[in-house]
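Visitor: Just dropping this structure here.
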Amino acid sequence: MSSFAGEDPVRLLKIVEMDIDALDKQREKLESVADNNHAIAANTFDRDIGPEIDRLRSTISKIIDICPENDDFAQVGSLLSSLFFIEARCYSIVYHGYAKYSLVEKARYEMERIEPKWNCAEQESLFFGRDSSSLWNVALHEIDAGKNNLAVFLLEELERKWPDEKLALKATKKRLELNVSPVPYGPPAAGKYFKELCRRHPTYRNSVNNARRQLARAIMAEDPEYFDWVFDHYLGIDDIPQPLITSLFELGYDFMVQSRGAKATLDFGLRLSKRLEGESLKKLVAMLQDTLLASIVKKPVGKNNVDAVEALISLNPSDATFEKLLGWYQEETKGDLNPNTAAIGGLLAEASSGQISSKFSSCAFEYSLSCINSSSCSDYSTVMSTILKLDPEFKASGQELVTALEKKSNVEDAEQLLPMAAFLAAYLGETALHASAETLLAWFRTNANDSQAEPLITFGELLCKKLPEPQREEATKITAGLLAKSLEHSSDEHWAERSKRLLDLGYADKEVVSCIEKWLKTSVSESLDKAIEAALILSKLDQQLQSTIAEVVTTSIISVLPEIPGKRWLRYVKALKTLGTLDENGRSIADAFQQLSNSLQYLQDELSFSDDLIPELPADAAEVVRSITK
């Protein structure tokens, strides 16, 4: 049987089946021989049974090459399972024979050699599936080994697969007697033969029957780890047949929702859909659409409903699906006002076409305006985004929205209304924006008092870019004041960033300068490095401020030089150079270096920093440093 080209796989499988039956009889004989003479049993296995197992395994592999994907092919798994089971039982017999002589070194060596092969064969056998009697025998073997949890899992599988057999009743009794929770047999720990088989024979690897059997086992065991392993193993194959992808997803869908959650399951399904086409894609999309439609209409409408709409749209649903949703949406908008409902309307209007899109747009637009004009809107950002989607530049709604902002300013706080004001400032058409400039500025002016809220500062920066003069000038003044005040209340990580924004505004009146000076005097003692970084930026903002910064920063640097590691000196010297105060402080720098040279810190730094430092210093200070480091 070296070459099977042109052979009938059914006939060959029958021959293998008979050979395996004969091998099983040899296994029974091996058990009886081992009871009397272990040495003969071990020799029989090595000489006769082991090579026969290898021959049959090779034969089955060759049959797979010519076997079509049908019921005959499914028999391959059963034959492999039986073969591995026989191999595992033989290893067990030989192993326990050596165990009687475990004090002998050679026996221990043989036990260590056999055990991993035994375990691997046993797990491969389970992986390929067996008949009820084989499963029963392995369960009993696990009980003998003290692995009751594994045995209970096998007994449950036996009960489920063969409920009408007498063995199923025995399995139930034994399971109740053990009274422990099952631990599932997962994928093979080694699984090397199965993996090799998959590598060499894509037909077997992609077997629908085999993949579904593994997934069903994971679901029955309620074992998410094993479940994920099956998906990763099969779906990770580039050339896996598309019908198998759909088949596995359909089988595992409910369990996936239970273990991963609905959103993660849908995301997974959407990723899979990108690998499909034709009927397989159509089937998967139909599954996902049914689930998504149920999620969309689920009450109360929330963010999950919006996510479901976005997912549905990504599947390119038909006009019939949009029409079905239109009826639901029109009814939904007659109820309570809800920003998420508004968002759904905007998404569906954008994704649909023709009259359906127009109806979605009209309904969502009126509903969104009602949300804005209500006594309390819980999410202005979502609703304004929807209106903008339906009405670019707020051409039809701009005046109504500006009026609503004015009215609400007296009853709602700035933080709540800020998204609405920001949308108007950012997206109103030029004519409408100029007409509403005073209203937007007045709202900003009113709410900017004593506030350092970052969103409000960002809004001010937006007004500085968008408003016409003279409103722009006042917006710049207010925003600069907010930024300057915020320096004092922000962490040192944000000082440089706030300073750059102030510099970008290019505005510094007395109030701004005063705030910066106040912040600078405290910041140099809190975090000198961060304060210097920000101060060097701010020194470019204003001439008067530049002299104050130079004085405060220079004094701080000179005072700390004797106490800081030499490796930081270069940075400080360069800062003094930038501020224009380096030359006048040469003597102070030299004195500080003299003090440092007498300290432990000086020895730790090994003076390596001085080579870079000397070229940056004034001549007199450089000479002092050079003389000390010689």
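Visitor: I'd like to know if the range 383-402 contains one or more residues that are at positive phi and among the acidic types (Asp, Glu).
Guide: There is at least one residue in the range 383-402 that is at positive phi and among the acidic types (Asp, Glu).
Visitor: Condition (residue is out of contact with any helix residue (DSSP H, G or I) (no Cβ under 6 Å at 6 or more places or on another chain), over 19 Å from Ser82 (Cα atoms) and either in the same structural domain as Val94 (by TED's automatic domain parsing) or modelled with pLDDT under 80 (or both)) applied to the range 122-134: is it met by at least one residue?
Guide: no
Visitor: Same structure, new question: Residue check: is Ala421 closer than 21 Å to Thr382 by Cα, of a type in the set (A, V, I, L, M), without any contact (Cβ under 8 Å) to a residue 40 or more places away in the chain and part of a helix (DSSP H, G or I)?
Guide: Yes.
Visitor: Can you name every residue in the range 549-596 that is farther than 26 Å from Cys515 by Cα and not in a helix (DSSP H, G or I)?
Guide: Ile564, Pro565, Leu582
Visitor: A follow-up question, please. Select from the range 474-495 the residues that are within 29 Å of Gln399 (Cβ to Cβ) and surrounded by fewer than 14 Cβ atoms within 10 Å (Cβ to Cβ) and list them in ascending order.
Guide: Listed by number, the list is empty, since nothing qualifies.
Visitor: Can you tell me which residues in the range 398-418 are more than 41 Å from the chain's Cα centre (by Cα) and assigned to a helix (DSSP H, G or I)?
Guide: Gln399, Glu400, Thr403, Glu406, Lys407
Visitor: Output yes when any residue across the range 524-546 is surrounded by 14 or more Cβ atoms within 10 Å (Cβ to Cβ), part of a helix (DSSP H, G or I), among the hydroxyl-bearing types (Ser, Thr, Tyr) and not assigned by TED's automatic domain parsing to the domain that holds Ala590, and no when none is.
Guide: no
Visitor: Can you go through Gly566, Gly586 and tell me which one is touching a Pro at 6+ places or on another chain (Cβ under 6 Å) and not β-branched (Val, Ile, Thr)?
Guide: Among Gly566, Gly586, only Gly586 is touching a Pro at 6+ places or on another chain (Cβ under 6 Å) and not β-branched (Val, Ile, Thr).
Visitor: Please state which of the following conditions Glu461 fails to meet, knowing it meets all the rest: (1) modelled with pLDDT under 95; (2) over 26 Å from Ser352 (Cβ atoms).
Guide: Of the numbered conditions (1) modelled with pLDDT under 95; (2) over 26 Å from Ser352 (Cβ atoms), the odd one out for Glu461 is (1).
The values are calculated or read from the model by the stated rules, or taken from the named source; none is laboratory data. These figures come from a predicted structure and were not determined experimentally. Cβ atoms come from the backbone with ideal geometry, glycine included; neighbour counts cover every protein chain shown.
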